[in-house]
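Have a look at the structure below, then the notes.
The values are calculated or read from the model by the stated rules, or taken from the named source; none is laboratory data. What you see is a predicted model; the values in this text were computed from it and never measured. Cβ coordinates were reconstructed from backbone atoms using ideal geometry, including for glycine residues, and neighbour counts include every protein chain displayed. The protein model used for the area step is the full one, side chains on, heavy atoms only, and it has no ligands, DNA or RNA in it. Shrake-Rupley method; radii C 1.70, N 1.55, O 1.52, S 1.80 Å.
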Amino acid sequence: MVQKNKIDSKYFALLVGCASIVMMFTSFTSAYIVRQAGGNWLEFSLPQSFTYSTIILIISSVFLHFSYLSFKKSKEVTYKVFLVLSFFMALFFLFLQYYGWTQMKDMGVTLNGNPSGSFVYVISGVHAAHIIGGLGALIMALTHAFMLDFFVSEKRKNRFKMVVTYWHFVDLIWLYLFIFFNVQR
């Protein structure tokens, strides 16, 4: 009897969720392009804090990946250190996003002003909401790391793999958005 490779149903559900999020952000950016072509569009540069937040999010993703690799190799201390670092980088990302929004406001680009600013606030805000969801997953990973006895099992690897996959996904979504915002200016 030939055994087929099966994907874990929870992991498959995560991938389906990610696909729907891709469609949502694709719709947002398509609407941005259509509205931009309609005229009355305020041109402005994104504050530098968005560049810094992008770098921080990439670092967070790299740290989480190192944490996952360390977990699989049963390197408990390294796994925990990189997991904690990834979490704090994620918090720093959110702080920098908020700071970027305050800088936009100081530039005269408000949420209820010109549609160009409104789109940036809404799209980056929806992304930030997905980051907050990822922080919830990271908090669960931290809870497992520090509250449970350390051992590597398939169940724990799969659970952590889902956290890492989602985190890399929100990282890639932000990279797409950051590049999109800068190219569309």
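Shape call for segment 1-131 from the C-alpha gyration tensor, a ≥ b ≥ c root eigenvalues: rounded (a/c under 1.5), prolate (a/b greater than b/c) or oblate?
oblate
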Expressed as a whole percentage, what fraction of the accessible surface of the chain belongs to carbon and sulfur atoms when a 1.4 Å probe is rolled over the protein heavy atoms?
68 percent
Pairs Lys10/Lys157; Lys10/Lys75; Lys6/Lys80; Lys75/Lys155: which exceed 21 Å Cα-Cα?
Lys10/Lys75; Lys6/Lys80
Quick check: from the Cα gyration tensor, does segment 25-72 come out rounded (a/c under 1.5), prolate or oblate?
oblate
For the chain, accessible area per residue (1.4 Å probe, heavy atoms of protein chains only), Å²:
55 Å²
So for the pair Ala19, Leu175, with labels modelled 7 Å out along Cα→Cβ, what separation do we get in nm?
2.2 nm
